[in-house]
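Student: Input: one structure, supplied below.
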Amino acid sequence: MNLKEYIRSIPDYPKKGILFRDITTLIKDQNAFSETINQIVERSKKYNFTKIAAIESRGFVFASAVSYILKKPFIMLRKKNKLPADVHSIDFELEYGTATIEVHKDSIEESDSVLIIDDLIATGGTAEAAAKLVEISKGKVSAFIFVINLFDLGGSDNLIKKNYKIENLIEFPGH
């Protein structure tokens, strides 16, 4: 199955000049969504990890299903002020602004190796912030798995240069 066929491209969203890669058309198709989850599960088998983390919010869609299948704990990396207990926070740059993500301080332990799943990597700012959250929690990043890599925006290359392992299911140029 060619998963690229299930990704809708929306020009000038969220601002002029951006070509947004929309996963809602992939997840609304039962077969495409199942195939996506199966591919993530298969790729994850080459890594040793104790927990799965996902970046809010679209990463949750994929990571929760993978967590269920693999019977691994699921950790939510959330936007600022969305978690009720004590948190670690990281501020980072986006393609079009700044943001903060957080994790509960008791979610990741020193012995944990964490697989991070997200829907898309562009410039890599969010992914790098996620890795830092795992690391300040005393965990180790096992690998990243992305559904989509916008390969010419450099995010995956930046993560590789920092010695992170990267997998992606689909590649598109970024705009």
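Student: Would you calculate the separation in nanometres between label points at residue 136 and residue 89, each defined as 7 Å from the Cα along the Cα-to-beta-carbon direction?
Tutor: According to this spin-label approximation, the distance is 0.9 nm.
Student: Among the listed pairs 4/45; 16/161; 82/138; 80/162; 79/140, give every one whose C-alpha distance is greater than 27 Å. Write down the numbers at each step before the final one.
Tutor: Values: 4/45 23 Å; 16/161 30 Å; 82/138 22 Å; 80/162 25 Å; 79/140 21 Å.
In this structure, 16/161 lie more than 27 Å apart at Cα.
Student: Taking only complete DSSP H runs, can you tell me which helices of the chain stretch 30 Å or more along their own long axis by Cα positions and average at least 0.5 on the Kyte-Doolittle scale?
Tutor: none
Student: Cα centroids of the stretch 139-171 and the stretch 93-125: how far apart, whole angstrom?
Tutor: The distance from the Cα centre of the stretch 139-171 to that of the stretch 93-125 comes to 12 Å.
Student: With a cut-off of 8 Å between alpha carbons and a minimum separation of six or more residues, what is the relative contact order of the stretch 1-159 in percent?
Tutor: Reported relative contact order: 19 percent.
Student: Let me ask something else. Between the DSSP loop rule and a limit of at most 10 other Cβ atoms within 10 Å, which trypsin sites (Lys or Arg not before Pro) in the stretch 66-124 are left?
Tutor: The qualifying sites are 71.
Student: For the chain, give me the percentage of DSSP beta bridges that are antiparallel, rounded to the nearest 5 percent. It would help to have the intermediate numbers written out before the result.
Tutor: Numbers: 14 of 36 bridges.
DSSP beta bridges in the chain are roughly 40 percent antiparallel.
Student: Cβ under 10 Å from residue 23's Cβ, residue 23 left aside: what net charge do those residues give with Lys, Arg +1 and Asp, Glu -1?
Tutor: Every neighbour counted, the sum reads +2.
Student: Please list, by residue number, every one of the trypsin sites (Lys or Arg not before Pro) in the stretch 133-175 that is coil in DSSP and has at most 13 other beta-carbon atoms within 10 Å.
Tutor: Passing sites in the stretch 133-175 are 138, 162.
Student: Would you list which aspartates and glutamates come within 17 Å of residue 72, measuring only between C-alpha atoms, while excluding same-chain residues fewer than 8 positions from it?
Tutor: 42, 106, 109, 110, 112, 118
Student: Take the alpha carbon atoms of the chain, find their radius of gyration, then divide it by 2.2 N^0.38 Å using N residues; give the quotient.
Tutor: Details: Rg = 15.3 Å, N = 175, 2.2 N^0.38 = 15.7 Å.
So the Cα radius of gyration is 0.98 times the expected 2.2 N^0.38 Å.
Laboratory data are not the source of any read-out in this text; all were calculated from the coordinates shown. None of the values given here were measured: they were computed from a predicted structure. Glycine also receives a Cβ, built like all others from the backbone with ideal geometry; neighbour counts cover every protein chain displayed.
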